[in-house]
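Asker: There's a structure below that I have some questions on.
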Amino acid sequence: LRQAAAHPGTALVEIYQNCNIFNDGAFDTLKNRETAEEAVIRLEHGQPIRFGADSAKGVARDPATGDLRIVPGDDPDILVHDAHTPSPTTAFALSRLADPGTLTHTPIGVFRDVRRPVYDAQMAEQLDTAVEQHGKGDLAALLAGGDTWTVVG
């Protein structure tokens, strides 16, 4: 949550919250210490994507399909998480990795952290450039100016 709040621009945060009425116990697999170690994949930028007891499992890209797959923790093709890559492909594939019914292989953490210019910064830059090139505007002079027209009708 801190990283999302500190990120300039848009941040999407997904929160798994239990609902006693509609999905009671839906996230127990992720909360239970005995099952969470095998179910939760903690994403850390710059680190191999490993999980399970003693990091016995990992995530690699299937060369035939391009999809992500679970592999043994010593597999040489284990992906290194790059949250700063411009392409959203791997982050999207990671978001689709969890089994919706059992929540096994659920990645958590920062999937993407891409820095791009944000609207308010670009707008402020455009205003500064306009003032630099044309001087500070005068709203009263603009409204009282001679360039007007009349609608007759």
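The values are calculated or read from the model by the stated rules, or taken from the named source; none is laboratory data. Source: prediction; values computed, not measured. Cβ placement follows ideal geometry from the backbone for every residue including glycine, while neighbour counts extend to all protein chains displayed. Ligands, DNA and RNA are excluded from the accessible area calculation, which covers all protein heavy atoms including side chains. Shrake-Rupley method; radii C 1.70, N 1.55, O 1.52, S 1.80 Å.
Asker: Please report Rg over Rh for segment 93-141, where both radii come from the alpha carbon positions and Rh follows the Kirkwood definition.
Answerer: Taking Rh as the inverse mean 1/r over Cα pairs, Rg/Rh reads 1.49.
Asker: Short version: ³J(HN,Hα) in whole Hz for each residue of segment 123-132, in order, from phi by Karplus 6.51 cos²θ - 1.76 cosθ + 1.60 (θ = phi - 60°), x for Gly and Pro, what are they?
Answerer: Working through the residues one at a time gives 5, 4, 5, 5, 5, 4, 5, 5, 5, 5 Hz.
Asker: Could I ask something else about it? Using a cut-off of under 12 Å, list every residue of segment 36-67 whose amide N is near the label point 7 Å from the Cα of residue 99 along the Cα-to-beta-carbon line.
Answerer: Counting only backbone N, you get 39.
Asker: Tell me which residues come under 5 Å, amide H to amide H, from residue 58 once H is placed; ignore anything under 5 positions away on its chain.
Answerer: 51, 71, 73
Asker: Given a 1.4 Å probe and every protein chain left where it sits, what share in percent of the accessible area of the chain is carbon and sulfur?
Answerer: Values: 6240 of 11760 Å².
In the chain, the share of accessible area belonging to carbon and sulfur is 53 percent.
Asker: Just report the Cα centroid separation between segment 1-78 and segment 132-153, whole Å.
Answerer: 58
Asker: Scan the chain and report its longest stretch carrying no trypsin sites (Lys or Arg not before Pro) that are both in a DSSP loop and have at most 12 other Cβ atoms within 10 Å.
Answerer: Of all site-free stretches, the longest is 1-95.
Asker: Here is a follow-up. Under a 1.4 Å probe, what is the accessible area of segment 24-129 per residue, stated in Å²?
Answerer: Spelled out: the 1.4 Å probe surface of segment 24-129, per residue, equals 65 Å².
Asker: Calculate how many DSSP beta bridges within segment 1-148 are antiparallel, expressed in % of all such bridges and rounded to the nearest 5.
Answerer: Working: 9 of 13 bridges.
Percentage antiparallel, nearest 5: 70.
Asker: Per-residue HN-Hα couplings for segment 139-146, Karplus 6.51 cos²θ - 1.76 cosθ + 1.60 at θ = phi - 60°, whole Hz, x for Gly and Pro?
Answerer: Using θ = phi - 60°, the values come out as 5, 4, 5, 5, 5, 8, x, x Hz.
Asker: What nm distance separates the two modelled labels at residue 14 and residue 139, each placed 7 Å from Cα along Cα→Cβ?
Answerer: Placing both labels 7 Å beyond Cα along the Cβ direction yields 4.5 nm.
Asker: Sticking with this structure for a sec: From the phi of every residue in segment 93-108, what ³J(HN,Hα) in whole Hz does the Karplus formula 6.51 cos²θ - 1.76 cosθ + 1.60 yield, where θ is phi - 60° and glycine or proline is x?
Answerer: These are the phi-based 3J(HN,Hα) values: 4, 5, 5, 9, 6, 5, 6, x, x, 10, 6, 5, 6, 9, x, 9 Hz.
Asker: Could you tell me what % of all Cα pairs in segment 19-72 have separations over 14 Å?
Answerer: Beyond 14 Å sits 63 percent of the P(r) for segment 19-72.
Asker: Here's a follow-up. Compare 78, 108, 21, 15 by solvent-accessible area with a 1.4 Å probe and give them largest first, with all protein chains kept in place.
Answerer: If we order 78, 108, 21, 15 from most to least accessible, we get 21, 15, 108, 78.
Asker: Calculated from the structure, Cα Rg over 2.2 N^0.38 Å equals which of (i) 1.98; (ii) 0.99; (iii) 1.70?
Answerer: (iii)
Asker: Something else now. Stretch residue 147-residue 77 to full length: gain in nm at 0.36 nm per residue minus the Cα-Cα span?
Answerer: 18.4 nm
Asker: So for 79, 12, 94, 139, what's the accessible-area order with a 1.4 Å probe, most first?
Answerer: 12, 139, 79, 94
Asker: Would you please give the residues with an amide H less than 5 Å from that of residue 106, counting only those at least 5 places away or on a separate chain, with H modeled from the backbone geometry?
Answerer: HN-HN under 5 Å from residue 106: 40, 41.
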